[in-house]
């Protein structure tokens, strides 16, 4: 799935169960960091893994995104095999969170 802007992405996240979100930091309408807060709030303990893509090498930005709930921050241009490894790791972690949530019921 994909979304053209932040509002469309938020609508998708509110109605669709996903395991991984690839989020560009510079989205039309808002930043990826702003959407990141919504993503974590929408899914709580069953939240998807979130990787934020950015062309900004600022370490403070990356640290802020990670403390806001991103699981990974990838600097553009990124290595496609590395992206696939990160997505695989995040999908596995999201699955584990969901299974842990089901076992608590």
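Taken together, the values in this text are just the output of simple stated rules run on the coordinates, not laboratory data. As the structure is a computational prediction, the values presented were derived from the model and not from experiment. Heads up, the Cβs are rebuilt from the backbone with ideal geometry, glycines too, and the neighbour counts pull from every protein chain shown.
Please give the helix 32-43 orientation as an angle from the longest Cα principal axis of the chain, in degrees from 0 to 90, rounded to the nearest 10.
Once rounded, one gets 0 degrees.
For a protection proxy built on the mean count of beta-carbon atoms within 10 angstrom, sort 19-30, 50-61 highest first, please. Intermediate results must be reported in sequence, preceding the final value.
Values: 19-30: 17.4, 50-61: 15.6.
Most protected by this proxy first, the peptides run 19-30, 50-61.
Could you work out how far helix 6-15 tilts from the main Cα principal axis of the chain, as a 0 to 90 degree angle to the nearest 10?
10 degrees
Going by a ≥ b ≥ c, the root eigenvalues of the Cα gyration tensor, does the range 56-102 fall in the rounded group (a/c under 1.5), the prolate group (a/b larger than b/c) or the oblate group? Provide the component values of the computation, followed by the final result.
Working: a/c = 5.83, a/b = 1.49, b/c = 3.92.
Verdict is oblate for the range 56-102.
List the relative contact order of the chain as a percent without decimals, with contacts defined as Cα pairs under 8 Å and 6+ residues apart. List each step's numbers first, then the result.
On the way: 133 pairs, mean separation 28.3, N = 105.
This gives 27 percent for the chain.
Of [x] 317; [y] 121; [z] 95, which is the value of volume of the Cα convex hull per residue in Å³ derived from the coordinates here?
From the options [x] 317; [y] 121; [z] 95, the structure gives [z].
Roughly what would the spin-label model give for residue 87 and residue 100, points 7 Å off Cα along C-beta, in nm?
Result: 2.4 nm between the two label points.
Return the distance in nm (one decimal) between the two label points of a simple spin-label model at residue 61 and residue 37, each offset 7 Å from Cα along Cα→Cβ.
Taking the simple label geometry, residue 61 and residue 37 are separated by 1.9 nm.
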